[in-house]
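Visitor: Pasting in a structure now, in structure tokens, and then I'll have a few things to ask.
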Amino acid sequence: MSAATTRSRTPDRLCAEAVDLARAAAEEVAAPGVVGEYEGLVSEGDRVVTHFFACREAGYRGWRWAVTVARASRAKIVTIDEAVLLPGPDAVLAPEWVPWSERLRPGDMGPGDLLPTDAEDLRLEPGFSGEEEPPPNSAVSQDMAELVEAEDAEVTGGTPAHLAVAPTRGSIAAVAEELGMRRARVLSRYGLHSAADRWEEAFGAKTPMAQAAPASCVSCGFLTPIGGSLGQAFGVCANEFSPADGHVVSLAYGCGGHSEAAVMPKPPQPAPPVIDETRVDPFPLRPSPDSGSVPVTEDESSAELGHS
């Protein structure tokens with residue numbers, strides 16, 4: 001353990017008595033009337049003391065002006081080391097900075113806003129890889145089929161005689177079930193057009209959000225297709241940050257949360273320094289003989305001194 005570590009933390013007497021000197025230094029740095037009452041001192045080391053003064057600046061409640069004074073060994077004169085504004089134990093501080101990608105919440109996006117999508121976004125996967133093998137998350141992949149058989153198998157109660165019999169393939173009932181016509185009633189043409197008009201008005205191409213969008217939903221990876229004739233013009237949005245999340249949207253609709261609108265920007269890189277302070281530029285004491293600043297001389301003494 002060094003000698004400096006074993007020394008007493010008792011404040012130096014002369015540094016502790018330099019309250020007026022510390023206040024004058026704080027008032028010189030701060031605006032007039034900002035330095036408040038004296039709030040005590042802290043010993044920073046041998047012959048080094050920090051004095052605290054309340055801060056009356058609006059918006060800096062609980063902050064303190066800290067003025068550090070020191071004196072040399074065996075010296076009687078106390079000098080100012082530094083004067084800064086520091087937060088106290090009860091200071092009002094700004095909340096911890098959170099990246100925008102974590103602050104964003106559903107519904108925050110407005111017309112004209114762009115939501116960059118990370119190239120490795122877990123919510124998206126390649127729609128077509130150009131290979132014969134289906135994507136890993138595809139419903140037709142072998143892994144997913146085995147997973148469904150292993151985890152999603154359900155045991156139906158009752159004997160086979162009590163179970164619903166599926167219609168025979170090729171029968172009229174099977175075709176009707178495939179077309180969704182085994183219900184008592186289905187949407188008429190008027191009902192389809194009425195629904196299409198409502199959806200187009202709410203999330204269509206003429207909305208302000210779609211007018212400011214970089215692309216339409218027909219090319220967005222978050223669009224979930226729907227079946228039937230309405231699927232030719234509409235789909236369901238599955239982007240949680242989109243204002244249309246969970247709604248039926250027109251294929252001509254769009255928003256800033258389009259999956260291909262932009263790629264997550266890289267962190268900004270600082271510009272190269274204009275002045276390189278880490279390099280030493282040589283400055284010769286005598287000019288070069290071929291520089292033309294001085295004539296060539298044969299006198300060694302004058303050549304050494306650089307005189308003409």
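Visitor: Applying the selection to segment 48-65, what residues are surrounded by fewer than 19 Cβ atoms within 10 Å (Cβ to Cβ) and not hydrophobic (A, V, I, L, M, F, W, C)?
Guide: Within segment 48-65, Arg56, Glu57, Gly59, Tyr60, Arg61, Gly62 qualify.
Visitor: For segment 248-290, which positions are among the polar types (S, T, N, Q), under 27 Å from the mean Cα position of the chain (by Cα) and at pLDDT below 85?
Guide: Across segment 248-290, the qualifying residue is only Gln269.
Visitor: Of the conditions (1) out of contact with any Gly (no Cβ under 6 Å at 6 or more places or on another chain); (2) under 30 Å from Gly59 (Cα atoms); (3) surrounded by 13 or more Cβ atoms within 10 Å (Cβ to Cβ), Ser101 fails just one. Which one is it?
Guide: (3)
Visitor: Show me the helices (runs of 4 or more DSSP H) entirely contained within segment 1-104 in which 1 or more residues are more than 33 Å from the chain's Cα centre (by Cα).
Guide: Result: 3-6, 13-16, 19-29.
Visitor: Give the residue, chosen from Val34, Val92, that is at pLDDT below 95 and open to solvent by less than 50 Å² (accessible area, probe 1.4 Å).
Guide: Val34
Visitor: Follow-up question, since we're still on this one. With the structure loaded, tell me whether Gly33 is in contact with a Lys or Arg (Cβ under 9 Å, 6 or more places away or on another chain), small (Gly, Ala, Ser) and not assigned by the TED database to the domain that holds Ala210 or whether it fails that test.
Guide: yes
Visitor: Here's something else I'd like to know. Of all residues in segment 70-110, count the ones that are more than 23 Å from Gly33 (Cβ to Cβ) and aliphatic (A, V, I, L, M).
Guide: Residues that pass the stated criteria total 10.
The values are calculated or read from the model by the stated rules, or taken from the named source; none is laboratory data. Just so it is clear, the model here is predicted, and its values are computed rather than measured. Virtual Cβ from ideal backbone geometry, glycine too; neighbours counted across all protein chains shown. Heavy atoms of the whole protein, side chains included, go into the accessibility calculation; ligands, DNA and RNA do not. Shrake-Rupley method; radii C 1.70, N 1.55, O 1.52, S 1.80 Å.
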